[in-house]
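One structure below.
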Amino acid sequence: MRQALPLAILAAALAACGKSDPPSLQGYIEGEYVRVAAPFAGTLLELQTARGNQVEAGTPLFVLEQENEDAARREAAENVRKAEAQAENLRKGPRATELETSRAQLAQARTTAGNSEREWKRQLDLVSKGFVSQSVADAAKTTRDRDHDKVVELESALATLESGSRPDEIRAAEAEAAAAKQSLAQADWKLKQKTVASTVAGVVNDTLFVRGEWVPAGAPVVSVLPPANVKARFFVPETELGRVKVGQAVKLACDGCGAPVDAKVSFIAPQAEFTPPVIYSRDSRAKLVFLVEARPAPADAGKLHPGQPVDVTLP
């Protein structure tokens, strides 16, 4: 028994020495940056963040000059008030004083037309007796016809006032008011685009303009790296590809990271490629490799930095 015990310990030690850690694959960390821009051009007035800042979704990032957009919004607001006032005026119909004025004008025109009628008949009588010429009677008839037409005109105008605005006129005015509101909404949206906030939570990676510079439309001003956009890229030899599947857990190790970081495979390239020069495979015989991407949990993404080399261990 005393001789068997050292032999058993020696056998266990030899067995332990025969075991080796799973081989690791070389890769690097990459980030998918969110580049925040404004859809309109303008001078950069305020830069409200800096490199390395942690921002949340909705955090203000920068402000562009907005005098033109502000003036356009004020104009659109005035057009809305004007269109709404016109529509409301049509819905109310004529005022009582307008009706009274129209009735008074009609009464006066009827009196004038009556006088013209009598004058024309009197001139006809004088013509028949030979006291005046026919031209005098014709002039009186012209006056009589004119005054009669004026009565007809004022009667139609009074009838129009009493009936109020036509439904189609009201609908047209309401449509104009609605269109003015849409123009105001567009002007308001354009004005808001000059004050830009972050659309995601993450770390500000870079600011691409300084105060006072002209920013073209659509040019990124700030780039933000969300934790969910951090990923590891590594290359798997063709002989080992069968061990890798989307959703599979892997371990990421890097200098200064401490304990390995857990990640899950999110992408496997559908086509093979030759080993890139910057990647030195441990197995020199594996010349054909497949690109694989793995994403760590957002809570662990802060331990990793784009460009950082990592060793990837498959289970």
| said: in a helix (DSSP H, G or I), without any contact (Cβ under 8 Å) to a residue 12 or more places away in the chain and hydrophobic (A, V, I, L, M, F, W, C): is that true of Val152 in this structure? | reply: yes
| query | Which of (1) farther than 30 Å from Ala85 by Cα; (2) among the small types (Gly, Ala, Ser); (3) modelled with pLDDT of 90 or more; (4) crowded, with 17+ Cβ neighbours inside 10 Å does Ala140 not meet, given it meets every other one? | reply | (3)
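Have a look at Thr160, Thr143 and point out the one that is of a type in the set (S, T, N, Q), assigned by TED's automatic domain parsing to the domain that holds Asn89 and touching a residue at least 12 places away in the same chain (Cβ under 8 Å).
Working: Thr160 fails: touching a residue at least 12 places away in the same chain (Cβ under 8 Å).
Among Thr160, Thr143, only Thr143 is of a type in the set (S, T, N, Q), assigned by TED's automatic domain parsing to the domain that holds Asn89 and touching a residue at least 12 places away in the same chain (Cβ under 8 Å).
Which of the residues that make up the range 67-78 are in contact (Cβ under 8 Å) with a residue 60 or more places away in the chain and surrounded by fewer than 18 Cβ atoms within 10 Å (Cβ to Cβ)?
Step one: filter the range 67-78 for residues in contact (Cβ under 8 Å) with a residue 60 or more places away in the chain, giving 69-70, 72-73, 75-77.
Within the range 67-78, Asp70, Glu75, Ala77 qualify.
Yes/no matrix, rows are residues, columns are (1) surrounded by 13 or more Cβ atoms within 10 Å (Cβ to Cβ); (2) in contact (Cβ under 8 Å) with a residue 40 or more places away in the chain; (3) among the charged types (D, E, K, R):
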site	(1), (2), (3)
Thr59	yes, yes, no
Glu65	yes, yes, yes
Glu84	yes, yes, yes
Ala96	no, no, no
Glu100	no, no, yes
Ala104	no, no, no
| message | Please determine whether any residue of the range 65-75 is in contact with a strand residue (DSSP E or B) (Cβ under 8 Å, 6 or more places away or on another chain) and over 24 Å from Lys231 (Cβ atoms). | response | yes
| query | Would you say Glu69 is outside any strand (DSSP E or B) and closer than 30 Å to Phe209 by Cβ? | reply | yes
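One residue is enough: does the range 160-169 have a residue meeting the conditions of a type outside the set (Val, Ile, Thr), closer than 30 Å to Pro306 by Cα and in a loop (DSSP other than H, G, I, E, B)? Give the steps one after another, and end with the answer.
Narrowing the range 160-169 to residues of a type outside the set (Val, Ile, Thr): 161-169.
Subsequent filtering for residues that are closer than 30 Å to Pro306 by Cα retains none.
No, the range 160-169 has no match at all.
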| field | Count of the range 31-44 residues which are surrounded by fewer than 16 Cβ atoms within 10 Å (Cβ to Cβ) and part of a strand (DSSP E or B) | value | 2
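The values are calculated or read from the model by the stated rules, or taken from the named source; none is laboratory data. Because the structure is predicted, anything quoted here is derived from the model rather than measured. Using ideal geometry, Cβ is built from the backbone for each residue, glycine included, and neighbour counts are taken over all protein chains shown.
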